[in-house]
Amino acid sequence: MNCCNCLCPRPNFRGPTGPRGATGPTGPTGPSGGPTGATGPTGPTGATGPIGLTGLTGATGPTGPTGPTGPAGLTGATGAGGATGATGPAGATGPTGATGPAGPTGPTGATGTTGRTGATGPTGPTGPAGTSVTGATGPTGATGATGATGPTGPTGPIGLSVTGPTGPTGAAGATGPTGATGLTGATGPTGPTGATGTTGATGPTGPTGATGPTGPTAVTLAAGFTNPTSGDIANGATIPLNDVANLASTDISHTSSSADVTLNTTGIYRITYSANATSTTAGVVSLEVQANSTGIDQSTSSANIGTSETANLGTSFLYDNTSPGTVLTLVNDSANNTTFNNVSMTVEKLS
């Protein structure tokens, strides 16, 4: 449609500015001096000429100001993952948060293949110990099947060891109850006897003990009796005695040629006798002292002789007389009749 003469709005078909043409020569200067005429009225606008050819592209103008940011476009599809970047340095350990309650243990998954061990980064400083709040232990889940063990990756380089300060020691827990006493083990075999030790050195002589109390004063009241030859004395018969010493007191009494010696008082007496014994029959010859016709222990003296041999008999002993008037006799205790010569008997009152 040709709109050259219509009054509708003209479309803007203005092209880019063309290049500046060359400056024409300056015309001659006209005469001056004429008065300036009045400005005539504006003539009507002429018809728009035809669109000219597109001029050459002009030089790029300066960048205009940045327009306002448009609305965010739709999220594009996720691109392929880039290569893993190098591990950055470990950051400072933050404070330990409160431990949440333990969830139920899930089934154990299959063991994956072991990846390559990365280089160990430097250990960061130990952060302050957080408050430990142990949650309730959840129920133990069923144990899953053990997966195949993957190959061991190469050992990475040893990282720097930076030990943080030791935290404070926690309070000691309460002592648990004492367990039941175990059964007593069997007794082991007896070990070998050790070697005998060396005899120790003799100790120093101990101090002399205190002197004991003085004993009773001895009282010697003796009476002596003899019989040069007794003749043949039957077994169990007494031997008569003669006085040969004065009796010192009335403690001891005797009638000459009598076999009886009487102890008139109680106390300790020492009795001594001796004799030569011979017999026409071989065998044992023996003498003993009797008290009231009862033999006194330790008073016997005996010997075994042949026919017509002689034996010297005799002994000395102490006798504790507990009854006044005890009668002592020297008795043939041989198995056969025996002749006793040089008979001697002494009785002493000691206390």
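Of note:
- Selection count, the stretch 291-305, where residues are open to solvent by 90 Å² or more (accessible area, probe 1.4 Å) and assigned to a strand (DSSP E or B): 1
- Inter-residue pairs, beta-carbon under 7 Å, first surrounded by 16 or more Cβ atoms within 10 Å (Cβ to Cβ) and in the stretch 249-267, second part of a loop (DSSP other than H, G, I, E, B) and of a type in the set (Ser, Thr, Tyr), 6+ apart: ASP251/THR265; GLY267/SER351
- Check on THR238, modelled with pLDDT of 80 or more, among the hydroxyl-bearing types (Ser, Thr, Tyr) and open to solvent by 50 Å² or more (accessible area, probe 1.4 Å): yes
- Filter pass, SER308 being more than 60 Å from the chain's Cα centre (by Cα) and in a strand (DSSP E or B): no
- Hits in the stretch 202-235 (condition: open to solvent by less than 60 Å² (accessible area, probe 1.4 Å), part of a loop (DSSP other than H, G, I, E, B) and at pLDDT 70 or above): GLY203, GLY206, GLY209, ALA234
- Filter result (open to solvent by 10 Å² or more (accessible area, probe 1.4 Å), part of a strand (DSSP E or B), of a type outside the set (Ser, Thr, Tyr) and modelled with pLDDT of 95 or more) within the stretch 318-351: LEU318, ASP320, VAL327
The values are calculated or read from the model by the stated rules, or taken from the named source; none is laboratory data. This is a predicted model, so every value here is computed, not measured. Note: ideal-geometry Cβ built from the backbone for every residue, glycine included; neighbour counts use all protein chains shown. Areas reflect the complete protein model, heavy atoms only, side chains present, ligands, DNA and RNA absent. Shrake-Rupley method; radii C 1.70, N 1.55, O 1.52, S 1.80 Å.
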